[in-house]
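Colleague: I'd like to ask some things about the structure below.
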Amino acid sequence: MVSEAPPYRPQSVCFVDQLSLVAVNSAAATARRFLRLSLAKWQAGCLEDDAFLVTSELVTNAVAATGVLGGQPTWDGLKGLGLVTVRLIGLPDSVVIEVWDVSEEEPALRHDTAPEDESGRGLLLVHRCAKRWGVYRVTGGKVVWAELAVGPVPPPPPLPKRQRQRQWSERPLVVPGPTTDPDLLRLLLAGLQARL
Ligand SMILES: Nc1ncnc2c1ncn2[C@@H]1O[C@H](COP(=O)(O)OP(=O)(O)OP(=O)(O)O)[C@@H](O)[C@H]1O
Ligand SMILES: [Mg+2]
């Protein structure tokens, strides 16, 4: 189940956002805020519900494996904690959520939870929401990742048609030439004489 490499090729990565947090129990809430801002920026807000759930479960697991849950950690206590890094990777038609932690323990998907059990369902939820998920090793820890598909983006509505203004150049150009019509010449002459 644990692989040695990320599930995507570096050349297919379109964009990346990353946040590192001390492994305390507020990390999941901070990660969700970061996620909301990044998904809005990427116009991928449609992923928000699934992405929130996946990120919460993965960050909570990473903190449980490497940090402190509950209480008010002191400055000295914080110094001894590892970091949990959340990385969002935009691929051409999906988003990968990666959560790095400093534990070498592997996550274990549990299929044997009883209805009365209050825990042991986090990874099962990730498994249901994600297109695929997995784990890969990095120096000094591991990365648990989940990939969410981005649905086809509907095309924008067509712009209203603009009425073309008649251009001066489109008007028929009539350049009056010298007239030889005797009736018209007589009329013009009469008009001029009346003015004198
Ligand atoms: N990042 C991790 N590092 C080490 N072990 C992990 C990690 N994530 C999960 N595990 C192991 O996998 C088990 C199953 O994780 P899962 O999230 O499904 O359940 P849980 O965390 O025990 O309970 P719940 O998420 O329902 O509160 C955990 O109990 C833990 O032993
Ligand atoms: Mg869990």
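Colleague: Let me know the charge dipole size of the chain about its Cα centre in debye, to the nearest 20, where only the beta-carbon of Lys, Arg (+1) and Asp, Glu (-1) is charged.
Modeller: For the chain, the charge dipole is close to 1480 debye.
Colleague: If you take the square roots of the eigenvalues of the alpha-carbon gyration tensor of region 1-99 and sort them as a ≥ b ≥ c, do you get rounded (a/c under 1.5), prolate (a/b over b/c) or oblate?
Modeller: It is prolate, given that a/c is not under 1.5 and a/b is the larger ratio.
Colleague: Sort CYS129, CYS46 so the one with the fewest other Cβ atoms within 10 Å of its own Cβ comes first.
Modeller: Starting with the residue having the fewest Cβ neighbours, the order is CYS46, CYS129.
Colleague: Could you calculate the contour length gain from LYS41 to ALA5, that is, 0.36 nm times the residue separation minus the distance between their Cα atoms, to one decimal place in nm?
Modeller: So the extension gain works out to 10.2 nm.
Colleague: Could you give the distance between the Cα centres of region 102-167 and region 1-71, to the whole Å?
Modeller: 10
Colleague: Among the lysines, select those whose C-alpha is under 24 Å from the C-alpha of LYS41, and discard any that sit fewer than 8 residues away in the same chain.
Modeller: LYS41 reaches LYS131.
Colleague: Something else about it: Considering only LEU185, PRO115, VAL54, whose Cα is most displaced toward the positive end of the charge dipole of the chain, charges sitting on Cβ of Lys, Arg (+1) and Asp, Glu (-1)?
Modeller: The residue sitting farthest along the positive end of the dipole is LEU185.
Colleague: Same structure again: For the ranges 54-61, 189-196, what's the packing order if you count other beta-carbon atoms within 10 Å of each residue, average per peptide, and put the highest first?
Modeller: Highest-to-lowest ranking by the protection proxy: 54-61, 189-196.
Colleague: For region 110-155, what is the relative contact order in percent, using Cα pairs closer than 8 Å and at least 6 residues apart in sequence?
Modeller: Result for region 110-155 is 26 percent.
Colleague: Let me ask something additional. Just for the Cα atoms in the chain, what are the lengths along the principal axes, largest first, rounded to whole Å?
Modeller: 112, 38, 37
Colleague: Which value, in debye to the nearest 20, describes the size of the charge dipole of region 59-169 about its Cα centre when Lys and Arg Cβ atoms bear +1, Asp and Glu Cβ atoms bear -1, and nothing else is charged?
Modeller: Charge dipole, region 59-169, about its Cα centre: 1300 debye, nearest 20.
Colleague: Calculate the spin-label point distance for THR180 paired with ALA149, positioning each point 7 Å from the Cα along the beta-carbon direction, and give it in nanometres.
Modeller: Taking the two extended label points, one gets 8.3 nm.
Colleague: At ALA64 and GLU48, where each label point lies 7 Å from the Cα along Cα→Cβ, what is the point-to-point distance in nanometres?
Modeller: Computed distance between label sites ALA64 and GLU48 equals 2.7 nm.
Colleague: Ordered by residue, what ³J(HN,Hα) values in Hz, to whole numbers, does region 34-43 give under the Karplus form 6.51 cos²θ - 1.76 cosθ + 1.60, where θ = phi - 60° and Gly and Pro are x?
Modeller: Values, residue by residue: 4, 4, 4, 5, 5, 5, 5, 4, 8, 6 Hz.
Colleague: Mind putting a number on the dipole of region 92-140 about its Cα centre? Charges go on the C-beta only, +1 for Lys and Arg and -1 for Asp and Glu, and I need it in Debye to the nearest 20.
Modeller: 320
Colleague: Give the angle, between 0 and 90 degrees and rounded to the nearest 10, that separates the Cα long axis of helix 182-195 from the longest principal axis of the Cα atoms of the chain.
Modeller: Between helix and principal axis, roughly 90 degrees.
Colleague: Read phi for every residue in region 140-145 and hand back ³J(HN,Hα) as whole Hz from Karplus 6.51 cos²θ - 1.76 cosθ + 1.60, θ = phi - 60°, with x for Gly and Pro.
Modeller: In residue order, the calculated couplings are x, x, 7, 10, 9, 10 Hz.
Colleague: So, one more: If packing is taken as the average number of other Cβ atoms within 10 Å across a peptide's residues, how do 86-92, 181-187 rank, most packed first?
Modeller: Taking the mean over residues of other Cβ atoms within 10 Å, the ranking is 86-92, 181-187.
Colleague: For region 8-158, build the charge dipole from Cβ charges (+1 Lys, Arg; -1 Asp, Glu) around the Cα centre, then report which of VAL96, GLY67, ALA23 sits farthest towards its positive end.
Modeller: VAL96
Colleague: Still on this model: Rounded to the nearest 500, what is the chain's calculated 222 nm mean residue ellipticity when only DSSP H runs of at least 4 contribute -39500 (n - 2.57) each, over all residues?
Modeller: -9500 deg cm²/dmol
Colleague: Going highest first, how would you order 67-75, 93-101, 22-30, 35-43 by mean Cβ packing within 10 Å?
Modeller: Ranked from most to least packed, the peptides come out as 93-101, 22-30, 35-43, 67-75.
Colleague: Evaluate the distance, in nm, between pseudo-label points positioned 7 Å from the Cα of LEU125 and of ARG110 along their respective Cα→Cβ axes.
Modeller: Each label point lies 7 Å from its Cα, and together they span 1.4 nm.
Colleague: Next question. Hey, can you grab everything whose amide H is under 5 Å from the amide H of GLY67? Only 5+ residues off in sequence or another chain; H modelled, so Pro and N-termini drop out.
Modeller: Close amide H contacts, sequence-distant or interchain: none at all.
A short reminder: the numbers here are calculations on the coordinates, not readings from a lab. Quick caveat: nothing in here was measured; it's all calculated off a predicted structure. In this analysis, Cβ positions are derived from the backbone assuming ideal geometry, glycine residues included, and neighbour counts consider all displayed protein chains.
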